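What follows is one structure encoded as structure tokens, with my remarks underneath.
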Amino acid sequence: MTFNPLEHRGIPLDRQLRNWRELDVEPIDPDHADPYTRCRIIAMNGIEVEAILFSHQFARNCPSMDVKRQLAEVRYMEQQQQRAVNWLLPGVSSALENTIAYEQVAVDLTAWVARMEPDPYLKQAYEFGVLEDFDHLYRYANLYEMVQHRKAEKIVDGLTEVIPGRPTRYHHRHPHDNVREPYDRNAAAPISKLHALTIMAAEQQTMNYYMNVGPEYMEPIARQLYQEIGLVEEEHVTHYESLVDPGETWWERLVNHEYNECYLYHSFMETESDPRIKAIWELHLDMELEHLRLACDLMREHDGREPEQVLAPELPPPVTFEPNKAYLRELLDTQMDLTTLGAGYVWEAHERFERMQEGIHGGEAPPSDRVVDAHRERFGSDYRLSTEGEHPDPRLREQPSQER
Amino acid sequence: MSVEDRPEHAEDVIELLVGQHMLIRDLFAEVQTATGEHRAEAFARLVHLLAVHETAEEEVVHPLARRGIDGGEQVVEDRLHEEREAKEALVRLEGMDLGSEEFDAALALLRDSVLQHAHYEEAYEFRHLRGRYDQDRLETLAAQVRMAEKAAPTHPHPGNETAVKNLTVGPVLAVFDRVRDAMRGGGSQGG
């Protein structure tokens, strides 16, 4: 079924305001909900947060009072959308439990985008990043069993494997090596622009989340692990945001943002298993169609261009949360030892990488190693959820326990 | 390794009780999805675990919190109120047909309030206790709770038919009493 958001009318802006009762959404059930419903909630929260932050940046760079007022009005509705979406998460779940769900999002969303991305350079960027999110999931899962005495399989429910990826200790690269080349806004496929925005938004939300919840923990290893992985998220945001062409005008960026929100709400509406949540995606899609129409009018007026020139003629196939186990195992088998140099990728640890490694680790094991060591010491082995056989990389297969 | 075995790794009383919160949460989910005999058996395990857990908190943790944390008296009063309500709800559940909609609805309500209660304990009591009491003390208390648990087992051990029988026929209040006696006797009674 094709859907062109430019051809549909949404809810008029002056009828979008919701009252407190309408905003007071019932959270999903933490133990019976589809894990991918929780993933869609987390992903969409990241999209709305990006919409809000982008709109604020735009307003700060915009001299027109009329445009600022329109941005403010749309942004207020986006703030309400963010509340309605993120408040679907249940209070029973701890920050660490949400963290594991965030990493499940990072793994299965980035893997899906990598599989669908037509541009080989962009595809490589996603394949590179996903092996790191995959390892973060494993590190946090080991922390989860230690501090909360529960296994991450209760959260990911066998849909995503929890085994070592590219070891987190090697994620700490020199900041210059995190900057990629951007796509060309005139040549890139519309889907490539949407992919870049989506993954940038998801990683940005993850970075902000870890920056803020890390210090709420009392356990020293938890505090330290959030610091470490939070800094890798800074690298990921740098990596993905640099894929977006900075030559896009503010109007064009606004249109791309609103179009992407339509794309994701439509995707989630099409793939949602929970009817109650599906109704929320549908309502928000109807709101976004109007935000998109307003953004398109601004582009025509201020940019002198038709939005159709930069947008796809119809929405691409829906962004789908589904297991990516075989794909991830193939990446584990082939891209484990990759790192970055300048805007490209190399197999050797180069001098700038080594210097960064020495500086940040200070000759000691990083928290991401210590959390697994501590788990081994206490439980006799590390925590893994391996459903598809032994690890593709012989170096990372389970080692016999070394109890002291 | 079954979920029931996990708290064995716990080292101090706070870790032990946090682990039990997770077991309680998972057991609620299990009862909700189970049917027939499996549901009856899972519900019996839940009752026993709640008995051990709430009693341990009342006998061991709340007294520490009362004395040791700012506003402890009031915090503990709130928790005791929630625990009394939960116990009453359990007694009501016991009188219902396990396959009925009435049971489903009451169980869902109890689950919400027990999980909320557990969250408050972790946020307002447990996180303060570790800063306030030394590790040795917290570990000794864990041993005390574990001993009481052994005296009034919370789950059947394979081959122990008597335990299974006790588990499935014990009325809720009797289970709580038995656990309390065991805990006060330092594990010397019951069994």
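The values are calculated or read from the model by the stated rules, or taken from the named source; none is laboratory data. None of these values were measured; they are calculated from a predicted model. Cβ sites come from the backbone with ideal geometry, for glycine too, and all protein chains shown count toward neighbours. We work out accessible area using only protein heavy atoms, side chains counted, and drop any ligands, DNA or RNA first. Shrake-Rupley method; radii C 1.70, N 1.55, O 1.52, S 1.80 Å.
Look at (1) away from chain A (no Cβ under 14 Å); (2) touching a residue at least 12 places away in the same chain (Cβ under 8 Å) and you find that residue B:42 fails only one, number (1). Looking across the range A:149-186, the residues that are hydrophobic (A, V, I, L, M, F, W, C), in a loop (DSSP other than H, G, I, E, B) and open to solvent by less than 10 Å² (accessible area, probe 1.4 Å) come down to A:152, A:163. For the range B:88-107, what are the residues that are of a type in the set (Gly, Ala, Ser) and surrounded by 14 or more Cβ atoms within 10 Å (Cβ to Cβ)? The answer is B:89, B:106.
The residues listed here are B:77, B:85, B:59; of these, the one that is open to solvent by 20 Å² or more (accessible area, probe 1.4 Å), within 22 Å of residue B:176 (Cα to Cα) and modelled with pLDDT under 90 is B:59. Considering only the range A:20-40, I want to know if a residue exists there that is more than 14 Å from chain B (Cβ to nearest Cβ), closer than 25 Å to residue A:307 by Cβ and surrounded by fewer than 21 Cβ atoms within 10 Å (Cβ to Cβ). For the range A:20-40, residues more than 14 Å from chain B (Cβ to nearest Cβ), closer than 25 Å to residue A:307 by Cβ and surrounded by fewer than 21 Cβ atoms within 10 Å (Cβ to Cβ): absent.
Table: residues versus (1) open to solvent by less than 40 Å² (accessible area, probe 1.4 Å); (2) farther than 21 Å from residue A:54 by Cβ.
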site	(1), (2)
A:188	yes, no
A:194	yes, no
A:199	yes, no
A:205	yes, no
A:213	yes, yes
A:217	yes, yes
A:220	no, yes
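Please determine, by comparing only the residues of the range A:222-259 that are crowded, with 19+ Cβ neighbours inside 10 Å, hydrophobic (A, V, I, L, M, F, W, C) and outside any loop (DSSP other than H, G, I, E, B), which one is nearest to the other protein chains (Cβ to nearest Cβ). Result: A:222. Among the candidates A:94, A:55, the residue that is under 30 Å from residue A:371 (Cα atoms), open to solvent by less than 50 Å² (accessible area, probe 1.4 Å) and within 24 Å of the chain's Cα centre (by Cα) is uniquely A:94.
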